[in-house]
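Q: Here it is: the structure, laid out below.
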Amino acid sequence: MKLSFFKNTFLLWVFICFSCGSQTKEKNELSSEEIVINDVVSEESLMEKTILTGAEQAEAYLPLLKNKNVGVVANQTSILSNKGNKHLIDFLIENNISVKTVFAPEHGFRGTADAGEHVKDGIDTKTGVPIISLYGDNKKPKLEQLKETKKYESDINEGISQIDIMVFDLQDVGARFYTYVSTLHYVMEACAEAGIPVIVLDRPNPNGNYIDGPIMEPEHSSFVGMHPIPVVYGMTIGEYAQMINGEGWLKNNVKCELTVIKIKNYNHQKEYSLPIKPSPNLPNDQAINLYPSLCFFEGTVVSAGRGTDMQFQIFGAPSLPASKYTFEFTPKSNEGAKFPKFKGEPCNGLDLRNIERLDKINLNWLIDAYNANGKKKDFFNSFFIKLAGTKKLQQQIEQGLSAEEIRDSWKDGLAAFKKIREKYLLYP
């Protein structure tokens, strides 16, 4: 009986030892695999993890704002999704940050004004914070809006700061003619001249996955294109701020004291759906994706859908033949388009709401509309050259070049820009 007991005990002990050794070996082997898998997953899972914008990482910027007078460049897109879409201004005030002034870009603080509409200064009714418009005649913050200068008229730069630090938080859409990057330029320039640091709370670029279009030529610089970049530049607004500084684009080559609060779990190939529309006429992801291609129509006799609820998802004009352009729409006054092109007139066009996502500018729509329009000499207006940033695109279309031939003419410029862009990238 005892022998049987010891025999069984011995066999059990051998089995346990073997099992433990086997498990230890398997566990060690598994750990080795996990390191490799996790390394692989850590790159691939970047496409699955939740994106955190700069604004949503309060621990990174609140300490920089404590006990300071803060200016904020913001609009309706300046929200924290991880705080129930709370607005940045409300969040800062709740955290005892002294917000002295809000600076609002085109379309205003609440984002309801028409494109190009004059936006007045005012007071935010919810918080009582003064709002200064950075559109119209005041695209660049004035020194007296940043510093108390009345006592220092002999040397205005010696004024006492009303604002100690500026926070910039706007959702860009990655197209040169979208004016928020121009606002960024002027804010950085004004703050550099006044000795005020700027913090950019970075946000994803919904068109950040490609680079395309003609390079803007300096002689055609305007508020819809200030820098020698392509129409689609594939950078976040934080990366773009670094490029403005690094390339010496600010007046007199001044340098802005810049801090960028990076996005977490983001790369340029990751699709990003905006939680709130960035302006009245970009109502959804499809419009944002089509915007770099369809905005060229703003410089022609063709409507890009303003005055409908399908802005930048359709295009058309009364002069386009209904036999080819079979989608009909009639623009009328609405939010963001009080006086739309062809108001009250039926337009023949195309409906692009269900086409696949673009990864390059589509020129065929523009070229085909030009060729189908009755009076070709009246097709373009003076705004087209500002949008294109060059006279060449209009000339190429008028000369009958194909989309492929036009795109070939962009190659050298795009290659040169990509080398510049690479120096300022914060994300893969």
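Q: Within region 360-372, is there a residue that is surrounded by 12 or more Cβ atoms within 10 Å (Cβ to Cβ) and over 30 Å from His227 (Cα atoms)?
A: Yes, the conditions are met somewhere in region 360-372.
Q: Tell me whether region 70-77 contains one or more residues that are part of a loop (DSSP other than H, G, I, E, B), of a type in the set (Ser, Thr, Tyr) and at pLDDT 95 or above.
A: Looking only at region 70-77, we keep the residues that are part of a loop (DSSP other than H, G, I, E, B), and these are 75-77.
Next, only the ones that are of a type in the set (Ser, Thr, Tyr) stay: 77.
Among the residues that remain, those that are also at pLDDT 95 or above are: 77.
Checked region 70-77: at least one residue is part of a loop (DSSP other than H, G, I, E, B), of a type in the set (Ser, Thr, Tyr) and at pLDDT 95 or above.
Q: Given the residues Ser279, Ser273, which is the only one that is farther than 16 Å from Tyr180 by Cβ, outside the structural domain of Gly174 (by TED's automatic domain parsing) and under 14 Å from the mean Cα position of the chain (by Cα)?
A: Answer to the check: Ser273.
Q: Mind telling me which of the residues Gly336, Gly299, Gly344, Gly307 ends up being out of contact with any Phe, Trp or Tyr (no Cβ under 9 Å at 6 or more places or on another chain), of a type outside the set (A, V, I, L, M, F, W, C) and buried (at least 18 other Cβ atoms within 10 Å of the Cβ)?
A: Testing whether each residue is out of contact with any Phe, Trp or Tyr (no Cβ under 9 Å at 6 or more places or on another chain), of a type outside the set (A, V, I, L, M, F, W, C) and buried (at least 18 other Cβ atoms within 10 Å of the Cβ) leaves just Gly336.
Q: When region 400-420 is examined, which residues are found to be in contact (Cβ under 8 Å) with a residue 12 or more places away in the chain and of a type outside the set (Gly, Ala, Ser)?
A: Ile406, Arg407, Trp410, Leu414, Phe417, Lys418, Ile420
Q: Also: Which one is surrounded by the fewest Cβ atoms within 10 Å (Cβ to Cβ) among residues in region 268-296 that are of a type in the set (D, E, K, R) and farther than 16 Å from Asp351 by Cα? Explain how you work it out, then say what you get.
A: Pass one, region 268-296, residues of a type in the set (D, E, K, R): 270-271, 277, 285.
Remaining after also requiring farther than 16 Å from Asp351 by Cα: 270-271, 277.
On the way: Lys270: 18, Glu271: 12, Lys277: 19.
Residue satisfying both the conditions and the ranking: Glu271.
Q: Continuing with this model, one more query. Please indicate, with yes or no, whether at least one residue in region 179-190 is more than 30 Å from Leu290 (Cβ to Cβ), modelled with pLDDT of 85 or more and not acidic (Asp, Glu). Steps first, please.
A: Of region 179-190, the ones more than 30 Å from Leu290 (Cβ to Cβ) are 189-190.
Restricting the remaining residues to those that are modelled with pLDDT of 85 or more gives 189-190.
Retained after the next criterion (residues that are not acidic (Asp, Glu)): 190.
Checking region 179-190: at least one residue is more than 30 Å from Leu290 (Cβ to Cβ), modelled with pLDDT of 85 or more and not acidic (Asp, Glu).
Q: Being farther than 17 Å from Asp285 by Cβ and polar (S, T, N, Q) is the filter here; which residues of region 309-362 pass it?
A: Within region 309-362, Ser319, Ser323, Thr326, Thr330, Ser333, Asn334, Asn348 meet the criteria.
Q: Only one of Ser303, Ser279 is at pLDDT 95 or above and of a type in the set (Gly, Ala, Ser). Can you tell me which? Let's see the steps before the verdict.
A: Numbers: Ser279 fails: at pLDDT 95 or above.
Result: Ser303 is the single residue among Ser303, Ser279 that is at pLDDT 95 or above and of a type in the set (Gly, Ala, Ser).
Q: For region 201-211, does any single residue satisfy the condition of being charged (D, E, K, R) and modelled with pLDDT of 95 or more?
A: At the first step, the residues of region 201-211 found to be charged (D, E, K, R) are 202-203.
Of the ones still in play, those that are also modelled with pLDDT of 95 or more are 202-203.
Yes, region 201-211 has at least one match.
Q: With Met216, Met226, Met243 as the choices, which residue is surrounded by 19 or more Cβ atoms within 10 Å (Cβ to Cβ), in contact (Cβ under 8 Å) with a residue 24 or more places away in the chain and out of contact with any Lys or Arg (no Cβ under 8 Å at 6 or more places or on another chain)? Don't jump to the end; show me each part of the working.
A: Values: Met216 fails: out of contact with any Lys or Arg (no Cβ under 8 Å at 6 or more places or on another chain); Met243 fails: out of contact with any Lys or Arg (no Cβ under 8 Å at 6 or more places or on another chain).
Within the list Met216, Met226, Met243, the selection yields Met226.
Q: Next question, about the same structure. Just for helices (runs of 4 or more DSSP H) wholly inside region 333-428: which have at least 2 residues that are of a type in the set (Asp, Glu)?
A: Details: elements: 364-372, 383-388, 392-398, 403-408, 411-422.
Counting at least 2 such residues, we get 403-408, 411-422.
Q: Something else now. Residue under question is Ala104, and the condition is that it be within 23 Å of the chain's Cα centre (by Cα), surrounded by 23 or more Cβ atoms within 10 Å (Cβ to Cβ), at negative phi and modelled with pLDDT under 95; does it hold? Reasoning before the result, please.
A: On the way: within 23 Å of the chain's Cα centre (by Cα): yes; surrounded by 23 or more Cβ atoms within 10 Å (Cβ to Cβ): yes; at negative phi: yes; modelled with pLDDT under 95: yes.
For Ala104, the condition - within 23 Å of the chain's Cα centre (by Cα), surrounded by 23 or more Cβ atoms within 10 Å (Cβ to Cβ), at negative phi and modelled with pLDDT under 95 - is met.
Q: Exactly one condition in (1) in contact (Cβ under 8 Å) with a residue 40 or more places away in the chain; (2) in contact with a Gly (Cβ under 7 Å, 6 or more places away or on another chain) is not met by Lys332; state its number.
A: (1)
Q: Among the residues of region 220-228, are any outside any helix (DSSP H, G or I), outside the structural domain of Ala60 (by TED's automatic domain parsing), at pLDDT 95 or above and polar (S, T, N, Q)? Lay out the reasoning, then the answer.
A: Step one: list which residues in region 220-228 are outside any helix (DSSP H, G or I), which gives 221-228.
Restricting the remaining residues to those that are outside the structural domain of Ala60 (by TED's automatic domain parsing) gives none.
No, every residue in region 220-228 fails to be outside any helix (DSSP H, G or I), outside the structural domain of Ala60 (by TED's automatic domain parsing), at pLDDT 95 or above and polar (S, T, N, Q).
The values are calculated or read from the model by the stated rules, or taken from the named source; none is laboratory data. This is a predicted model, so every value here is computed, not measured. For neighbour counting, all protein chains shown are included, and Cβ atoms are generated from backbone atoms with ideal geometry for every residue, glycine included.
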